[in-house]
1. So if each residue of separation counts as 0.36 nm, and I subtract the Cα-Cα distance between residue A:5 and residue A:114, what length gain in nm does that give?
2. Considering amide H positions built from the backbone, and no H for Pro or chain starts, which residues 5 or more places from residue A:89, or on another chain, come under 5 Å of its amide H?
3. Have a look at B:238, B:400, B:279 and tell me which one the Gaussian network model of chain B (Cα, springs below 10 Å) gives the largest fluctuation.
4. Among all the lysines, which ones have a C-alpha under 17 Å from residue A:402's C-alpha, if same-chain residues fewer than 8 places away are not counted?
5. Please compute the average number of Cβ atoms from other chains found within 10 Å of each residue's Cβ in peptide A:127-136.
6. Give the residue from A:481, A:82, A:417 lying farthest towards the positive end of the charge dipole for chain A; charges sit on Cβ (+1 for Lys and Arg, -1 for Asp and Glu) and the dipole is referred to the Cα centre.
7. With each run of n ≥ 4 DSSP H residues scored as -39500 (n - 2.57), what mean residue ellipticity at 222 nm is computed for chain A after dividing by its residue count and rounding to the nearest 500 deg cm²/dmol?
8. With the Cα gyration tensor of the protein assembly as shown in hand, convert its eigenvalues to equivalent ellipsoid semi-axes via √(5λ) and list them largest first in whole Å.
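Values quoted throughout were computed directly from the atomic coordinates according to the rules given, and no laboratory measurement underlies them. On a predicted model such as this, the values are computed, not experimentally measured, just so you know. For neighbour counting, all protein chains shown are included, and Cβ atoms are generated from backbone atoms with ideal geometry for every residue, glycine included.
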Amino acid sequence: MLSLTTEVLVIGGGATGAGVAWDASLRGLGVILVDRLDLAEGTSGRFHGLLHSGGRYVVKDAPAARECIAENRILRRVAADCIEDTGGLFVTTPWDDPAYADRFAAACRETGVDCEEITVAQARRDEPRLHPEISRAFRVPDANMDIWKTVWAMAHGAQQCGARILPYHEVTAIRRDGDRVTGARVRDVRAGEDLTIEAQVTVNASGAWAGQIAAMAGIDGVRVFPGRGIMIAMNHRLVNTVINRCQMPTDGDILVPIRTVSVIGTTDVHTDDPDDHTVLESEVDRMLDDGEKLVPGFRQARALRVWTGVRPLFEDAKAAGTDTRDVTRAHALLDHRQRDGVEGFVTITGGKVTTFRLMAEETVDAVCDLLGRDTPGSTAEQPLPGSESGANYRLGERLARKDERLRQEQTICECELVPRSRLEHALAETGSRNLDDIRRRLRLGMGPCQGGFCIYRTVGIMHAAGGIDAASADASLLDFLQERWKGVWPILYGDQLRQMRFDEWVFQGVLDVGHLPEAPA
Amino acid sequence: MSDLFEIELLRGTLDHCVKCTICETACPVSNASPLFPGPKYAGPQSERYRVSDEAAVDASVDYCSGCGICSQVCPQGVKIAEINAQARHRLKRQRGIPLRDRIITRPTWLGRAGTPVAPLANWTLGFRPLRVLAERTLGVHRDAPAPRFAGRRFSRWARAHTSPAAPRKVIYFHGCGTEYYEPWEGERVVAVLEHNGFEVVVPEQDCCGLPLQSSGLFEDARRSVRRLAHSLASQLADERTIIVGNATSCTLMLKREAREILGLEDDPELRRVAERTYDICELLLELHQRGELRTDFRPIPERIAYHAPCQQQGHWIGKPALELLSLIPELEVREMHARCCGIAGTYGLKAEKYEIAMAVGRSLFEQVEASGAAEVACDSETCRWQITHGTHLPSVHPIDYLYRAYGLDHG
């Protein structure tokens, strides 16, 4: 069995895990990161894309608000290319307690979250589709963050420092030597091989799955309650500013413009299984109703896709009380030496995407402590690869690039404007022959037609690139269509229903994908 | 505020796009030139990447001629051409409007300047060294079809003319082409309407703003169309009074385009005007269908070609001119099946677009030539000038044949 040795093994390739790998690499530590799936395929890749200003938490949870605004300012700098500075608005709709607005403004001052009240007329000039009966509006520095871009930038940065990033490597056992965790045994699920990784410190950054990984290390009481939430992406930007309802945080009160879509979120339903992706019709309905309160006509606008993410809500069964109040959205860093007398093992869970960098920094501080190192973290100053210029992302970037090269190149994905060279580059760079991996890197197949026009092109190019036989390419096409379908059927009405009928004509009627020549068994 | 909201709703139609590509197959421009990436690309696809207060990044949308065929053929109801017009406006506003566009989009200025000195102005427009100079300095193509100033204004004739009082009244919107370049077309429209028992009122009027709008000068276009609507609306006290025009693109502007593209959906005067506006052939055919059109036509033993302009097709009234012309004994009308003549108002005048416009029109020119017709009938003046430029055949408004068939040319 292949065996690897490192100083730090990171389990989990979400924002936190990749952040830990990046932070530790910058401090000169040797790092291996493993994830059972692709990077940012779990909770991180399934949020609405909001980089919080902290406004959402000012009244309910002042420390969280302070953390958010501090991280917001840092990330705008170091992850500039992954962030679009949309700004945010908190608006009092007819359904909100009008008294909350003053509390909100006062709490913003208290916590240092920048907030400026603007006139309703101004708010509606900025966002013409906003509900006409809003009574107050406050500007805050919300933004959106492309989490895949962020996670990949951190992974690349870490790799440049010598880290090894191993997606599709599932932990099958945590290795223990007496009171010490000494790494893990993992299975390379693509190659079908096992390998052992020996590490001085193992970081459990598996988010909603942290309890499962801790249990594999023989550690009890790390209880993570997965809170499932749905998000619906609308076909285009109904707004260009993040819109929040000015009320105590609840379901369906945020509309986030990100990339070409606007995402409404979210719900919060307890589930026992972090891999539970159930979408209830009633949740979809409620979300659309909530959308109407922000943007009238929301139900007539086209819904593109729905998905769920699971928040890791942490409760420490070993803490004094086990009251549900201990279930918190704040992050939890557990040094198992102190907590359980187990050396070389740290768990980081809970928290929110906006504060991932801070979580990673605190985690690597703890790792350094265990390793007896004294190197400070530098992720608050060191820009991510691609963000060196400090210029924020702009929505028009792909269109601008495409317009410069209009006649030079075939467009593969028309919705997301992916040119052929980028697809070929991604195939070569990742070596992946999994359409979903390619999708996450290029956003290919994520637009209105949900792969209707690009996927058959992509499969052909992927097959021509080699490394995959015709039967597997066929299977890959069918898998992709099936995967896209899962996110569409719960919102199958109106324009998206028409689109799916059209796609069906393309794939069933024209291409007859049910009877491909080298179809899988 | 409401303007912005209307524009958002227009933009919202991009949601209906299923990417079927029908618009791309029908677009005359993208099929003639690779400089325009096509309506699906420039419209519903690119619009998802546009943020109103960010810099416009896709200069290629300026190569859309605004003919509107994409919106007409879209089976899903995406307002493609209108979305493109918005994008063009944003682009021009940010990058500056060329002097050329400020000049050629103002037929009133041009007309008032050229009319008193028509012989000199016409000589200038036909004088090659000056045209070459104009191409180099202004960007108006040296070969682009330039109409000739008539040297007299239709409105002057109209003021001197008294329409016999009649119970049925129409307001005649003649447009700038009739006013400065083809006043005789207006006189024929008036004669045909009077022959059918209408009292024709010609109020003071000015440009509808369409050339401004299609070049992206929205603020000026709004001013123009509102002023025109105000003037026309003042004549509409009687509920039965209607407005009729022979400049088909200008009547479309009043009916629909100004409200949709310029975000004036809520303008009450424009709405009233829009509801009452008719294309001249639309009105006459409706009369005929009610049995009220006089059919005392004399035969015209000629063969002509008929081209329905893109803007005429945007009225969603079919091709009433064809049906009217078929009423004239012995007149042999060959319907052309090309989509567009290429000119699209002022598009084909622009130096960088002239070749595209000619390439777009080629199929029409060839069909006209193959038809053996001696003359071409077409509802839009700029299209007529382009057709004559491309075929060297005379072209007239379809109303001319009714005028002749009624014997009105002989008094």
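1. Working: separation 109, 0.36 × 109 = 39.24 nm, distance 4.63 nm.
Result for the pair: 34.6 nm of gain on full extension.
2. A:140, A:242, A:243, A:244
3. The residue with the greatest mean-square fluctuation here is B:238.
4. B:40
5. Working: counts 2, 12, 6, 1, 0, 2, 0, 0, 0, 0.
Across the residues of A:127-136, the mean count of other-chain Cβ atoms within 10 Å is 2.
6. A:417
7. On the way: 15 runs with 172 residues, N = 521.
Mean residue ellipticity at 222 nm (helix-derived): -10000 deg cm²/dmol.
8. Working: eigenvalues 849, 167, 110 Å².
Values for the protein assembly as shown, descending: 65, 29, 23 Å.
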